[in-house]
1. When only residues in region 22-81 that are hydroxyl-bearing (Ser, Thr, Tyr) and either in contact (Cβ under 8 Å) with a residue 60 or more places away in the chain or part of a loop (DSSP other than H, G, I, E, B) (or both) count, which is surrounded by the most Cβ atoms within 10 Å (Cβ to Cβ)?
Amino acid sequence: MTVDSADQEPSRSALVQRLAQESFAFDGTARDPERNCWLVVHRHQHGCLPSEYDIRPIDEDLYLSVIAGRKLLEPDRSAGA
């Protein structure tokens, strides 16, 4: 799966794919793809899920890549359901 440009590092691409897949685990509490992608990126960067008033920044480029990666995975998941 290619989310970004062809010159993207393979490790970054694998990270994006892994985080996009992990974001589906939060669909049980809220089926909000943007929120769920933000949660996994926050957990990846800070080592924990955010608290209620957590304002620590996240890597916005990574976050946007994870959202794009999740959108590519969604047709696969709905076909298997």
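The values are calculated or read from the model by the stated rules, or taken from the named source; none is laboratory data. Just so we're clear, the structure is a prediction, and the values are computed from it rather than from any experiment. Methodologically, a virtual Cβ is constructed for each residue, glycine included, from the backbone with ideal geometry; neighbour enumeration extends over all protein chains shown.
1. Within region 22-81, the subset hydroxyl-bearing (Ser, Thr, Tyr) is 23, 29, 51, 53, 63, 65, 78.
Still in the list and also either in contact (Cβ under 8 Å) with a residue 60 or more places away in the chain or part of a loop (DSSP other than H, G, I, E, B) (or both): 29, 51, 53, 65.
Numbers: Thr29: 10, Ser51: 8, Tyr53: 5, Ser65: 23.
Result: Ser65.
One line per residue, one yes/no per condition, for (1) on the phi > 0 side of the Ramachandran plot; (2) of a type in the set (Phe, Trp, Tyr); (3) touching a helix residue (DSSP H, G or I) at 6+ places or on another chain (Cβ under 6 Å); (4) modelled with pLDDT of 95 or more:
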| residue | (1), (2), (3), (4) |
| --- | --- |
| Gln17 | no, no, yes, yes |
| Ser23 | no, no, yes, yes |
| Cys37 | no, no, yes, yes |
| Arg43 | no, no, no, yes |
| Gly47 | yes, no, no, yes |
| Tyr53 | no, yes, no, no |
